[in-house]
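Okay, so here's the structure we're looking at.
The values are calculated or read from the model by the stated rules, or taken from the named source; none is laboratory data. These figures come from a predicted structure and were not determined experimentally. Here the Cβ is made from the backbone with ideal geometry for all residues, glycine too, and neighbour counts use every protein chain on show.
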Amino acid sequence: MRILHLVHRAWPYHGGAERYVMEHALAGERWGHSSVVCTTDAWDMSWFTGKVGGHIERREDTHEGVRIIRFPVRHPPFQDILRGLLRRTVRCGEDRFFYPNPFVPSMGRWLAGESGFDTVHTNAMPFILHAGWEHAVKRGCRLVSVPHANVGEKYRRTDALRYFDGCQARILRESCFTVAQSRFERDLYLDLGVPPERIHLSGSGIDPSEFTGADGNRARNGMGLEGPIVLSLTAHCSDRGTRHILEAFRAAVEGGLQATLVLAGPVLPDARRILEEMVPGDEVLERRVVVTGYVRQDRRIDLIKAADLVVLPSRLDCFGIVLLEAWMLERPVIGCWSGAMPDLVEEGSDGFLVPFGDPVTLAHRIRILMENRELASSMGERGRRKVEACWTWDRITDDFYRRLSCCYAGEAES
């Protein structure tokens, strides 16, 4: 079987959806299929909407036998006007022309002329889901849709990204199956009319072999840090709780905590403004906050090993792979009551969950875990056992390909 995987960014960039797609492409090879990944040339999300941030010049790569094709993002003038016009006049335009969906005309031309794929595995952003749907309909191949929908907390949904304004509900209903990363996401698709037998409840995972050489001292020495570390490892922005982390950490330090806060990962423009507003001149934050920028995968594991606590009080993460990575290294975690995190974290047993936008509760939980090392250690150990039993990439991808086989056998499973 030839499988076309579509995603907005791909290897060597390391992110949740990007890793998810590459692991499924690699697993396809193990199952006897051939995979091609099509993506954009973006490195930074800011490249999607303007000529700022990084992008990748290479048009093709091969990673462990998987071909990766990149198509350049274009930046037409007067984007606000153009997007408004296209959203109102083009079929299914309401979501796929909404910010930050990029303009990638060469990808559309390539898909229009390409044939020979048996399955399209389309992921994440509306413009990608729509492109995969159009190709599958035109070529008569099977479609698997994975929206990775970041819609907030169960009872406090956010629609800032306009995931479902256009044809998304129809695309999901017409897919052979739709992958949901959590029960919350599954219920959202049921509300959109996707038949329950066409929803595959999955998730993301980790590769245990990557963690055997983790060296926390290497990360500490690289940053010149000693003493306890609270780590936030994500693409920092308002919806991932950057302001709330800073407020909570400051309150915890004022309450007696001795630690450094490390903000690792890309800093998006709104988070940069928050840092510029809150850190300079603050007697706590200016001395105790370290910002690293993007972290390569080989450094990521060392950094988690160096941390005493990993926090992700985000309403934007569909899943939260960093929690699995922290658990694999027996680090305690604090997540949010959003996305898949309520499915992952057993509150009070292997971690804590906090409401989005609640720095008071977050500060309290930080102090509990940083001051009670026995509790923190036991939570990390329980988390590791859970990851090894349930959340490895081999397990996740094998479930996916078994489900895909059912599409071709004419079977359905819930």
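I want to confirm something. Restricting to the stretch 171-198 and keeping residues that are touching a residue at least 40 places away in the same chain (Cβ under 8 Å) and of a type in the set (Lys, Arg), which single residue is surrounded by the most Cβ atoms within 10 Å (Cβ to Cβ)?
That would be Arg198.
Name every residue in the stretch 51-72 that is under 16 Å from Leu268 (Cβ atoms) and either at pLDDT 95 or above or outside the structural domain of Ala27 (by TED's automatic domain parsing) (or both), in order of residue number.
His55
A quick yes/no check of all residues on (1) within 24 Å of Asp350 (Cα to Cα); (2) hydrophobic (A, V, I, L, M, F, W, C):
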residue: Thr234; (1), (2): yes, no
residue: Leu246; (1), (2): yes, yes
residue: Val290; (1), (2): no, yes
residue: Asp298; (1), (2): no, no
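Which of the helices (runs of 4 or more DSSP H) contained wholly in the stretch 102-188 include at least 3 residues that are within 24 Å of Pro72 (Cβ to Cβ) and touching a strand residue (DSSP E or B) at 6+ places or on another chain (Cβ under 7 Å)?
105-113, 126-139
Within the bounds of the stretch 5-26, is there any residue that is in a strand (DSSP E or B), within 30 Å of Leu404 (Cα to Cα) and modelled with pLDDT of 95 or more?
The answer is yes; a qualifying residue exists.
All but one of (1) in a strand (DSSP E or B); (2) on the phi > 0 side of the Ramachandran plot hold for Glu330; state the number of the condition that does not hold.
The single condition Glu330 does not satisfy is (1).
Please find, among Val253, Val262, Val279, Val284, the residue that is within 30 Å of Ala124 (Cβ to Cβ) and either outside the structural domain of Ala149 (by TED's automatic domain parsing) or free of Cβ contacts under 8 Å to residues at least 24 places away in the same chain (or both).
Matching residue, one of Val253, Val262, Val279, Val284: Val262.
Taking the criterion of being in contact (Cβ under 8 Å) with a residue 60 or more places away in the chain, assigned to a loop (DSSP other than H, G, I, E, B), touching a strand residue (DSSP E or B) at 6+ places or on another chain (Cβ under 9 Å) and buried (at least 17 other Cβ atoms within 10 Å of the Cβ), would at least one residue in the stretch 365-375 satisfy it?
No - not one qualifying residue is present in the stretch 365-375.
Out of all the residues in the stretch 233-283, which are more than 26 Å from Gly152 (Cα to Cα) and at pLDDT below 95?
Glu283
How many residues, within the stretch 333-355, are closer than 18 Å to Ala180 by Cα and either assigned to a helix (DSSP H, G or I) or aromatic (Phe, Trp, Tyr) (or both)?
Qualifying residue count for the region: 5.
Would you confirm, using the coordinates I've provided, whether Asp350 is without any contact (Cβ under 8 Å) to a residue 40 or more places away in the chain, in the same structural domain as Leu261 (by TED's automatic domain parsing), within 22 Å of Arg218 (Cβ to Cβ) and not hydrophobic (A, V, I, L, M, F, W, C)?
no
Among the residues in the stretch 131-150, are any at pLDDT below 90, touching a Phe, Trp or Tyr at 6+ places or on another chain (Cβ under 9 Å) and within 27 Å of Phe319 (Cα to Cα)?
Yes, the stretch 131-150 contains a residue that is at pLDDT below 90, touching a Phe, Trp or Tyr at 6+ places or on another chain (Cβ under 9 Å) and within 27 Å of Phe319 (Cα to Cα).
Name the residues in the stretch 189-207 that are polar (S, T, N, Q) and out of contact with any strand residue (DSSP E or B) (no Cβ under 7 Å at 6 or more places or on another chain), would you?
Ser204
Name the single residue, out of those in the stretch 48-73 being in a loop (DSSP other than H, G, I, E, B) and of a type in the set (Asp, Glu), that is surrounded by the fewest Cβ atoms within 10 Å (Cβ to Cβ).
Here the answer is Glu57.
Please work out which one of (1) surrounded by fewer than 24 Cβ atoms within 10 Å (Cβ to Cβ); (2) under 23 Å from Val322 (Cβ atoms); (3) aliphatic (A, V, I, L, M); (4) in the same structural domain as Ile366 (by TED's automatic domain parsing) is the condition Leu201 fails and give its number.
With respect to (1) surrounded by fewer than 24 Cβ atoms within 10 Å (Cβ to Cβ); (2) under 23 Å from Val322 (Cβ atoms); (3) aliphatic (A, V, I, L, M); (4) in the same structural domain as Ile366 (by TED's automatic domain parsing), Leu201 is out only on (4).
Inside the stretch 71-99, can you point out the residues that are of a type in the set (Lys, Arg) and out of contact with any Pro (no Cβ under 8 Å at 6 or more places or on another chain)?
Hits for the stretch 71-99 are Arg83, Arg87, Arg88, Arg91.
Which condition breaks for Val289 when tested against (1) at negative phi; (2) free of Cβ contacts under 8 Å to residues at least 40 places away in the same chain?
All conditions pass for Val289, except number (2).
Does any residue of the stretch 317-325 turn out to be crowded, with 24+ Cβ neighbours inside 10 Å, over 19 Å from Glu210 (Cα atoms) and acidic (Asp, Glu)?
Yes, the conditions are met somewhere in the stretch 317-325.
Sort out which residues of the stretch 240-263 are surrounded by 20 or more Cβ atoms within 10 Å (Cβ to Cβ), of a type outside the set (Lys, Arg) and over 14 Å from Arg288 (Cα atoms), and write them in order of number.
Gly241, Thr242, His244, listed by residue number.
Tell me, yes or no, whether the stretch 76-92 has at least one residue that is farther than 12 Å from Pro12 by Cα and in a strand (DSSP E or B).
There is no residue in the stretch 76-92 that is farther than 12 Å from Pro12 by Cα and in a strand (DSSP E or B).
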